[in-house]
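Visitor: Take this structure first; my questions come after.
What follows is calculated from the coordinates using simple rules that are stated; it is not laboratory data. As the structure is a prediction and not an experimental result, all values here were calculated from the model. Backbone-built Cβ (ideal geometry, glycine too); neighbour counts: all protein chains shown.
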Amino acid sequence: MKEIRFHGRGGQGIVRAAHIIVHAVVENGGYAQFVPFFGVERKGSPVYGFLRISEEEIHLKTQVYRPELLVILDETLLDVPDTFAGFLKGGTVLVNTGRDPEELVLPGEPARVAVVNSTLIALEETKRDIPNTAMLGAFCRVTGWADWQIVKKLISESFGPENTAAAERAYSQVRIQHRGDINA
Amino acid sequence: MKALAITGNISAALGCSLARPDLIAAYPITPQSSVVEHLALLIAEGKLDSRIVHVESEHSAMSVLSGASLAGGRTFTATSSQGLALMYEPYFRVSTLRLPVIMPIACREMTSPSSIWCGQQDAMSVREAGWIQVYVENNQEILDMVIQGYKLAEDPDILLPMNICYDGFYLSHLVERVELPEQSQVDSFLPPFKQYDAKLDPDDPMAVDPLTEGSILMQYRMSHLAAMKRALTRVEEIDREYAQVFGRSYGGLVEGYRMEDAEIALVTIGSMTGTAREAIDQARSNGVRAGLVKVRFMRPFPAEALRNILAGVKAWAVVDRSVSFGWNCGPLFVETEAAICGSDLARNSSYFSAIGGLGGTDITLDLLLGLLKKVTGNKRQNGKMETVWLDENFLGRVE
């Protein structure tokens, strides 16, 4: 079972993006689950969410405490200590940033650091500052845990062609830096 | 059969839609709101042929349903917490009028202090208002129990309203795989509702609910309790009938998980049960003979089923997501203890109440593993032990 934690800010579309991943995995015959952040939702406040993906039924009904993947939609959250709480050694960090992965000083000894400028892509492709669909493209490329063709179809149905273009561009532009053994 | 990825709230709405209700009353409250919102959407899109009334309060929601149910309609609404509190007067009357209304409760704390988050205090607080109450573990069970609920509630031998209680946010907003039954399957499983006795019919007028003297009221209560008792059997039968048509069984009143040779056990209710299954599996893999008892029905209370399934266990704990203010423990514990009173189990095992997950806090896998450790440590003792709080310091105290 894969455990993933999303970090972002209210208004960045974490919940709808995670729904698309769950939907894609279920459509492909697998099991997935998303537990949203239970807080007071305000635009701009830090939010998070918990995603699980498995080939078998998922019984757990709790938040994720030992993620092997962190998906970070707002890079200012990299400096918040809680962002890396419980992060597994050998895991992967996917960040929405304009910086190179080599520039990022991160705690938690990730095996892979992936970067993509989802905010820029979203602004150019959709004219809106909502990076969630671009992050879905990067997520599919980096993890392979959800079927890319199904995810693209679901983005197109839910958000239209501009967002599909954003996801495709992020899929091709995401950069991955290897720092150690995966899941060491 | 189609597999969907949906929240618990949408699952409740789709279960309702498959049951083809005549009338839905809609009033929003967190975390339930998307149940009635989704039903309004289905009606607006022409996918559901039901009437929906956008009432001005929960009190009106339940009042509208009581009228519609008396007139022979299949009815539905959903609520949480303060909304349930506001509808208490017609809520009680619907059960004592023996009207088979179905109402999910997306469980949430009661104020004060102000909270919108998960806790079963709302549903537990109304367990003496005469409704049948089932507490469910996952989104599939929400949908299945809405459908089974109509079958049970509308049975001429039962005629009682029913709550499908599911944890706010931990299920209401959790997205997971749910298998959607075919409409034709549900239609054949669920016959149309027919109002037999008290009914509002202009062609056949009768007085309903006049001022009633005590000796007759007493007969009302005896009849109500007898229907609750019959429901104990009917729940099990409907679970088997449902399994035959839809391929899913939940074990009826209680479900035992790995209880066959269990020495220690957790008794759980609601979504924490899923996490507890993992905790039991981990304990088993470490050689601990642990098992799980999932209590599904709080009303009627499955006293005999609980006594039977716990018989032979040496140490156990009941985990509640709400409190009983009079007993310094949880309400499921109070009732379980009443159920085992005088039995060998009460004499020959140790047991205690554990309270956790209040106000939206998480009942984590680590907390339940710690709880199992504490229960295992009590194996050589007998009788009731002190209540345990699964708070942030619990794991430190267990070590």
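Visitor: Which residue, A:ALA18, A:ALA85, A:ALA146, tops the fluctuation ranking in a GNM of chain A built on C-alpha contacts under 10 Å?
Guide: Ranking A:ALA18, A:ALA85, A:ALA146 by mean-square fluctuation puts A:ALA85 first.
Visitor: With the contact rule set at Cα under 8 Å and sequence spacing of 6 or more, what percent relative contact order holds for chain B?
Guide: In percent, rounded to a whole number, it is 15.
Visitor: Mean residue ellipticity at 222 nm from the helices of the protein assembly as shown, using -39,500 (n - 2.57) per DSSP H segment of n ≥ 4 over the full residue count, to the nearest 500 deg cm²/dmol?
Guide: Helix contribution divided over all residues of the protein assembly as shown: -12000 deg cm²/dmol.
Visitor: On to the next question. Rank these for me by crowding, B:THR96, B:THR111, going from fewest to most other beta carbons within 10 Å.
Guide: So the residues, fewest neighbours to most, are B:THR111, B:THR96.
Visitor: Ok, one more. Measuring from centroid to centroid over Cα atoms, what is the spacing of region B:9-41 and region B:46-69 in Å?
Guide: Centre-to-centre distance over Cα atoms comes out at 11 Å.
Visitor: Another question, if that's okay. Below 14 angstrom from the Cβ of B:ARG397, what's the summed charge of the other residues (Lys, Arg +1; Asp, Glu -1)?
Guide: -3
Visitor: As I understand it, the value is the acute angle between the Cα axis of helix B:331-340 and the longest principal axis of the Cα atoms of chain B; what does it come to in degrees, rounded to 10?
Guide: 70 degrees
Visitor: May I ask what percent, to the nearest 5, of DSSP beta bridges between residues of region B:254-398 are antiparallel?
Guide: About 20 percent, rounded to the nearest 5.
Visitor: Excluding residues fewer than 8 places away in the same chain, name every one of the aspartates and glutamates whose C-alpha is closer than 18 Å to that of B:LYS374.
Guide: Of all the aspartates and glutamates, those that pass the test against B:LYS374 - Cα under 18 Å, at least 8 places apart if same chain - are B:GLU263, B:GLU278, B:ASP281, B:ASP320, B:ASP366, B:GLU386, B:ASP391, B:GLU392, B:GLU399.
Visitor: Calculate the mean, over all residues of peptide B:174-185, of how many other protein chain Cβ atoms lie within 10 angstrom of the residue's Cβ.
Guide: 4
Visitor: Can I ask one more? Highest first, please rank the peptides A:96-109, A:128-141 by the mean number of other Cβ atoms sitting within 10 Å of their residues.
Guide: Order by mean packing, descending: A:128-141, A:96-109.
Visitor: Of all beta bridges DSSP finds with both residues in region B:2-246, what is the antiparallel percent, to the nearest 5?
Guide: The antiparallel fraction comes to roughly 25 percent.
Visitor: Cut-off under 15 Å on the C-alpha distance; same-chain residues fewer than 8 positions from A:LYS89 excluded. Which aspartates and glutamates are left, in chain and number order?
Guide: Those aspartates and glutamates meeting the cut-off are A:GLU3, A:GLU68, A:GLU109, A:ASP181.
Visitor: Follow-up question, since we're still on this one. Output the antiparallel fraction of DSSP beta bridges having both residues in the protein assembly as shown, as a percent to the nearest 5.
Guide: 40 percent
Visitor: Still on this structure, please answer the following. Under 1.5 on a/c is rounded, so check that first for region B:166-216, then, if it is not, pick prolate when a/b is larger than b/c and oblate when it is not; a ≥ b ≥ c are the square roots of the alpha carbon gyration tensor eigenvalues.
Guide: Taking the square roots of the gyration eigenvalues as a ≥ b ≥ c, region B:166-216 is oblate.
Visitor: If you add up the charges near B:GLY370, with Lys and Arg at +1 and Asp and Glu at -1, over every other residue whose beta carbon is less than 15 angstrom from its beta carbon, what do you get?
Guide: -3
Visitor: For the protein assembly as shown, rounded, prolate or oblate, judged on the Cα gyration tensor with a ≥ b ≥ c (square roots of eigenvalues), a/c < 1.5 rounded, else prolate if a/b > b/c?
Guide: Taking the square roots of the gyration eigenvalues as a ≥ b ≥ c, the protein assembly as shown is oblate.
Visitor: Continuing with this model, one more query. Over region A:2-178, what relative contact order in percent results from Cα pairs under 8 Å that are six or more residues apart?
Guide: The value is 22 percent.
Visitor: For region B:2-246, rounded, prolate or oblate, judged on the Cα gyration tensor with a ≥ b ≥ c (square roots of eigenvalues), a/c < 1.5 rounded, else prolate if a/b > b/c?
Guide: The shape class here is rounded.
Visitor: Can I ask one more? Averaged over peptide B:162-170, how many Cβ atoms belonging to another chain are found within 10 Å of each residue's Cβ?
Guide: 1
Visitor: Determine the shielding of peptide A:57-70 by partner chains: average, over its residues, the number of Cβ atoms on other chains within 10 angstrom of each Cβ.
Guide: 5
Visitor: Let me ask you something else. Using a cut-off of 29 Å between alpha-carbon atoms, which lysines can reach B:LYS2, once sequence neighbours fewer than 8 places away in the same chain are excluded?
Guide: Leaving aside lysines fewer than 8 places away in the same chain, those within reach of B:LYS2 are A:LYS2, A:LYS61, A:LYS152, A:LYS153, B:LYS47, B:LYS151, B:LYS294.
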